[in-house]
1. If each residue's Cβ is checked for other Cβ atoms within 10 Å, how do Asp107, Asp72, Asp82 rank with the fewest at the top?
2. Fewest Cβ neighbours within 10 Å first, please rank Phe137, Phe120 accordingly.
3. For Thr97, what charge total do you get from the other residues with a beta carbon under 15 Å from its beta carbon, if Lys and Arg give +1 and Asp and Glu give -1?
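What follows draws every value from the coordinates through simple rules; no lab data is involved. It should be emphasised that the depicted structure is a prediction, and the values quoted were computed from it without experimental measurement. Using ideal geometry, Cβ is built from the backbone for each residue, glycine included, and neighbour counts are taken over all protein chains shown.
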Amino acid sequence: MGRAGPAAEPIPIRKLKGQTKPSLVGGDIFEADPLEELPRPPEWLSRGARAVWRRVGNELVRYRLVGTIDLDLFAHYCAAVDLARRSAVELEGENVTVAQLVAERADGTTLEQRVVKPAFKAWREAVQTMRQLAGEFGLSPAIRASVKLPSGGGAADPADAASLLS
């Protein structure tokens with residue numbers, strides 16, 4: 001069974017919020033060194049996922065929220081974002097259910113039931129995965145709303161913070 005209570009907030013997010021108490025910002029907690037530059041995306045990522053890698057990854061690097069050991073998890077976040085996008089495009093303007101044959105009666109009539117399309121299932125699971133992994137990197141509006149960015153010389157312009165999920 002998992003731990004009770006909400007998931008722990010990433011340490012860089014705690015620091016951006018202005019927390020300085022050692023027990024809240026790392027003290028004896030392992031923290032990866034943040035990347036200075038985003039590496040090339042993994043070859044296995046789709047074209048769309050590589051675009052997410054560059055767009056979101058550069059922001060994570062700018063705000064010092066991602067380290068080398070986080071890159072595999074981040075790659076899966078990028079893949080989930082792209083899968084959700086592609087599944088949504090496939091479903092655009094269509095019903096999310098289809099008729100499925102359940103049985104054929106002796107009189108020649110059929111019994112059907114409505115089932116969810118595989119593309120909708122793929123979309124729903126990709127969005128769930130995307131949201132879960134986004135939380136690991138502090139990529140949610142709720143977390144960003146509580147972040148206090150340093151002025152001058154630190155991270156980028158606070159007005160750019162909204163670009164993390166754009």
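1. Numbers: Asp107 5, Asp72 10, Asp82 21.
Placing the least packed residue first, the sequence is Asp107, Asp72, Asp82.
2. On the way: Phe137 23, Phe120 19.
Ascending number of Cβ neighbours within 10 Å: Phe120, Phe137.
3. Working: positive: Arg114, Lys117, Lys121, Arg124; negative: Glu90, Glu94, Glu112.
That works out to +1.
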